[in-house]
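Trainee: Dumping the structure here so I can ask a few things about it.
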Amino acid sequence: EQVQKGPYEHYMLKEIHEQPLTLRNTMAGRIDGGNRIVLPEIPLTEQELQRIEKMYIVACGTAYHAGLVGKFAIESLTRIPVEIDIASEFRYRDPIVSDNTLVIVVSQSGETADTIAALQESQRRGAKVLAVTNVAGSTIARQADYVLATKAGPEIAVASTKAYTAQLLAFELLALYFAQTLRTLDDETRSSLVDGIKQLPHQVEKLLANADEIKWFAESILDRRSVFFIGRGLDYAVALEASLKLKEISYIHSEAYAAGELKHGSLALVEEGTPVIALVTHQQLFEKTVSNIKEAKARGARVMGVTVDGNVELLDSVDEACFIPRTHQLFAPILAVVPMQLLSYYTSLALGNDIDKPRNLAKSVTVE
Ligand code: G6P
C-alpha cells in the first residue's frame, strides 16, 4: 500500500508528527488495568531470566542509539549488566556470548546485514536472541527467538524518527517487564513509571504543537561549520542521536560529546558563535552539565539548552532554551529528541536539501 505524505511537505515531517500515534500503538495492549506489562511474545520465566548473567544489545545507526537508552533502562530497573555494541564491530570481536546471555538486536527494517550477522553469530554461540523490530516478517523477525514489535508503521524518510521513539518505548516496556518478572521493582514504583509512560503520547503532542519555535534556532546554525551536542547519561544518548540526525540531512558537521569530555578535546574547536546544543534533562546532573555549558560559553559558544519545564534557572547560562514536559528521567529521551528531530528537519529545509533521501545514505543497509 502506497504511503501518502498527506498535508506534509516531506515524509520526515509527517513521521515526526505521527509519533503520538505510533507511541500509542506501540504500548497498546501491553499494559493491563493494574499497570502491569503484558508481553506474551516474550515468555521468559523468572527462572530463565535469573539464569541470564548478561545482556547484549547490538544494532546499527539510530537503532544503536535506542539501544544506549535500553541499556540504561534495563540496568537501572533489573541490575542485570548490559553490554552494547555496534553490529559491524560485535561479530569481529569474538564476543563473550553464551547460553547465559540474552542478545537483543534492534532494527527498524529487520534487514540490516550486519545486524542479521550478529543475530546469527549469537545463536551459534548458544544465546537466545530477542529482536526489537518494526517489520513483521523481516529476516530478523523470522530468525530471532523472541520478537518485540515496534508499531511505528512504514517509515519512508531515510532519517529515522518515529521508529526511534518506538524503539525507546519498546525498551522501557521491556525493562519494566523484566523487572516485574524478576521482582526487582516494587508494585508502587512500577505503577507510577507506567503512569508516566501513558502520558508520553500526549506530551509529544504538546511538543509538536510548538514545532515552529525551533525554526529560529535552525536559522542560526545554517551557515555554521560545526555544531556540538553535549549531555550526560541519557542526555548523552540523545545527543548522539540528535547529532546523527543533523548530519544525515543537513550535511553540517556535528559531534556529540559526553558533557564532561568536552574539555578533553572538542573544546579546542569551540570559537566565537559555535553552536552548542546542551541537553540537560537529568535533574541530578543539572549543575554538572551547566558547568560544562559555562566552559563552552567562555570560549564564545552560542548555547541552546534543552531542559524540562520548570528549570528556568537554565536561562541564566544559555542563549536560548527549549523546554520539554516533565516526566520520569528514564523517559526524557522520548521527549527530548523531538525538538532535535525538528531542528535537523528545519535546518535541512532551509538549506534546500533532499530531506527524505539524503545523499549517500540508504534506508536499509543490506551490505556488510
Ligand atoms: C541505515 C539507516 C538508519 C538506520 C540504520 C539501521 O543507516 O539510514 O536510519 O538507523 O540503517 O537500520 P535498521 O533498519 O537496522 O534499524
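Trainee: Within region 193-201, does at least one residue satisfy the condition of being farther than 21 Å from Leu330 by Cβ and of a type in the set (D, E, K, R)?
Mentor: Scanning region 193-201, I find no residue that is farther than 21 Å from Leu330 by Cβ and of a type in the set (D, E, K, R), so the answer is no.
Trainee: Can you tell me which of (1) within 16 Å of the ligand (Cβ to nearest atom); (2) in contact with a Gly (Cβ under 8 Å, 6 or more places away or on another chain); (3) under 20 Å from Leu182 (Cβ atoms) is the one Phe72 doesn't meet?
Mentor: (1)
Trainee: Scan region 62-78 residue by residue and report those that are among the polar types (S, T, N, Q) and either surrounded by fewer than 22 Cβ atoms within 10 Å (Cβ to Cβ) or farther than 13 Å from Glu172 by Cβ (or both). Write out each step before concluding.
Mentor: Residues of region 62-78 among the polar types (S, T, N, Q): 62, 76, 78.
Listed by number, the residues that qualify are Thr62, Ser76.
Trainee: Specify which of the listed residues (Ile37, Ile74, Ile80) is closer than 14 Å to Leu148 by Cα and touching a residue at least 40 places away in the same chain (Cβ under 8 Å). Quick ask: steps written out before the conclusion?
Mentor: On the way: Ile74 fails: closer than 14 Å to Leu148 by Cα; Ile80 fails: closer than 14 Å to Leu148 by Cα.
Among Ile37, Ile74, Ile80, only Ile37 is closer than 14 Å to Leu148 by Cα and touching a residue at least 40 places away in the same chain (Cβ under 8 Å).
Trainee: Still on this model: Just one of (1) within 16 Å of the ligand (Cβ to nearest atom); (2) of a type in the set (A, V, I, L, M, F, W, C); (3) in contact with a helix residue (DSSP H, G or I) (Cβ under 7 Å, 6 or more places away or on another chain) trips up Phe331, so point out which.
Mentor: That leaves (1) as the condition not met.
Trainee: Which of the following residues is modelled with pLDDT of 95 or more and not basic (Lys, Arg): Val308, Val270? It would help to see each step written out before you state the result.
Mentor: Details: Val270 fails: modelled with pLDDT of 95 or more.
After ruling out the rest, the residue left standing is Val308.
Trainee: Only one residue in Val338, Val318 is in contact with a strand residue (DSSP E or B) (Cβ under 9 Å, 6 or more places away or on another chain) and over 18 Å from Ala163 (Cα atoms), so which one is that? Step through it out loud before you land on a result.
Mentor: Working: Val338 fails: over 18 Å from Ala163 (Cα atoms).
From the options Val338, Val318, the qualifying one is Val318.
Trainee: Looking at this structure, is Ala152 within 13 Å of the ligand (Cβ to nearest atom), in contact (Cβ under 8 Å) with a residue 60 or more places away in the chain, within 15 Å of Ile334 (Cβ to Cβ) and not in a loop (DSSP other than H, G, I, E, B)? If you could, list the steps in order and put the result at the bottom.
Mentor: Working: within 13 Å of the ligand (Cβ to nearest atom): yes; in contact (Cβ under 8 Å) with a residue 60 or more places away in the chain: yes; within 15 Å of Ile334 (Cβ to Cβ): yes; not in a loop (DSSP other than H, G, I, E, B): no.
Here the answer is no, as Ala152 does not meet what is asked.
Trainee: Another question about this same structure. Please go through region 88-116 and pick out each residue that is assigned to a loop (DSSP other than H, G, I, E, B) and either within 16 Å of the ligand (Cβ to nearest atom) or within 21 Å of the chain's Cα centre (by Cα) (or both). Full working, then the answer.
Mentor: Taking region 88-116 as the starting set, the residues that turn out to be assigned to a loop (DSSP other than H, G, I, E, B) are 91-100, 108-112.
Arg91, Gln108, Ser109, Gly110, Glu111, Thr112, listed by residue number.
Trainee: So which of Lys357, Lys294 is away from the ligand (no atom under 16 Å from the Cβ) and out of contact with any Gly (no Cβ under 7 Å at 6 or more places or on another chain)? Lay out the reasoning, then the answer.
Mentor: Values: Lys357 fails: away from the ligand (no atom under 16 Å from the Cβ).
Exactly one of Lys357, Lys294 is away from the ligand (no atom under 16 Å from the Cβ) and out of contact with any Gly (no Cβ under 7 Å at 6 or more places or on another chain), namely Lys294.
Trainee: Please find, among Leu246, Leu176, the residue that is in contact (Cβ under 8 Å) with a residue 24 or more places away in the chain, surrounded by 23 or more Cβ atoms within 10 Å (Cβ to Cβ), closer than 27 Å to Val58 by Cβ and away from the ligand (no atom under 16 Å from the Cβ). Even if it seems obvious, please write down each step before you answer.
Mentor: Details: Leu246 fails: away from the ligand (no atom under 16 Å from the Cβ).
The conditions single out Leu176.
Trainee: Go through region 294-315 and count every residue that is farther than 21 Å from Ala332 by Cβ and assigned to a helix (DSSP H, G or I).
Mentor: So the answer is 5.
Trainee: Is there a residue being under 26 Å from Pro275 (Cβ atoms) and without any contact (Cβ under 8 Å) to a residue 12 or more places away in the chain anywhere in region 179-194?
Mentor: Within region 179-194, the subset under 26 Å from Pro275 (Cβ atoms) is none.
Checking region 179-194: not a single residue is under 26 Å from Pro275 (Cβ atoms) and without any contact (Cβ under 8 Å) to a residue 12 or more places away in the chain.
Trainee: Exactly one of these conditions fails for Leu208: (1) surrounded by fewer than 23 Cβ atoms within 10 Å (Cβ to Cβ); (2) more than 18 Å from the chain's Cα centre (by Cα); (3) of a type in the set (A, V, I, L, M); (4) more than 16 Å from the ligand (Cβ to nearest atom). Give me its number.
Mentor: Against the list (1) surrounded by fewer than 23 Cβ atoms within 10 Å (Cβ to Cβ); (2) more than 18 Å from the chain's Cα centre (by Cα); (3) of a type in the set (A, V, I, L, M); (4) more than 16 Å from the ligand (Cβ to nearest atom), Leu208 comes up short only on (2).
Trainee: Of (1) of a type in the set (D, E, K, R); (2) surrounded by 21 or more Cβ atoms within 10 Å (Cβ to Cβ); (3) more than 30 Å from Lys5 (Cα to Cα), Glu155 satisfies all except one. Which?
Mentor: Glu155 satisfies all of (1) of a type in the set (D, E, K, R); (2) surrounded by 21 or more Cβ atoms within 10 Å (Cβ to Cβ); (3) more than 30 Å from Lys5 (Cα to Cα) except (3).
Trainee: Kindly list, by first and then second residue, each pair from a residue in region 262-275 that is on the phi > 0 side of the Ramachandran plot to a residue that is at pLDDT 90 or above, limited to pairs with Cβ atoms under 6 Å and residues at least 6 apart or on different chains.
Mentor: Listed by first residue and then by second, the contacts come to Gly273/Arg302.
Trainee: Select from region 295-310 the residues that are within 17 Å of Gln283 (Cα to Cα) and out of contact with any strand residue (DSSP E or B) (no Cβ under 7 Å at 6 or more places or on another chain) and list them in ascending order. If you could, list the steps in order and put the result at the bottom.
Mentor: From region 295-310, those within 17 Å of Gln283 (Cα to Cα) are 305-310; that's our starting set.
The answer is Gly310, and nothing else.
Trainee: Which of (1) closer than 21 Å to Glu41 by Cβ; (2) part of a helix (DSSP H, G or I); (3) in contact (Cβ under 8 Å) with a residue 24 or more places away in the chain does Glu121 not meet, given it meets every other one?
Mentor: Here Glu121 meets the rest and fails (1).
Trainee: Sort through Ser291, Ser344 and tell me the only one that's surrounded by fewer than 23 Cβ atoms within 10 Å (Cβ to Cβ), of a type in the set (Ser, Thr, Tyr) and not in a loop (DSSP other than H, G, I, E, B). Before the answer, list the steps.
Mentor: Numbers: Ser344 fails: surrounded by fewer than 23 Cβ atoms within 10 Å (Cβ to Cβ).
That would be Ser291, the only listed residue that is surrounded by fewer than 23 Cβ atoms within 10 Å (Cβ to Cβ), of a type in the set (Ser, Thr, Tyr) and not in a loop (DSSP other than H, G, I, E, B).
Trainee: Checking Gly34 against (1) buried (at least 17 other Cβ atoms within 10 Å of the Cβ); (2) part of a loop (DSSP other than H, G, I, E, B), only one condition comes out false. Which one?
Mentor: So the condition that Gly34 fails would be (1).
The values are calculated or read from the model by the stated rules, or taken from the named source; none is laboratory data. If you're wondering where the values come from, they're calculated on a predicted model, not measured in any experiment. All Cβ positions, glycine included, derive from the backbone under ideal geometry; neighbour counts span all protein chains shown.
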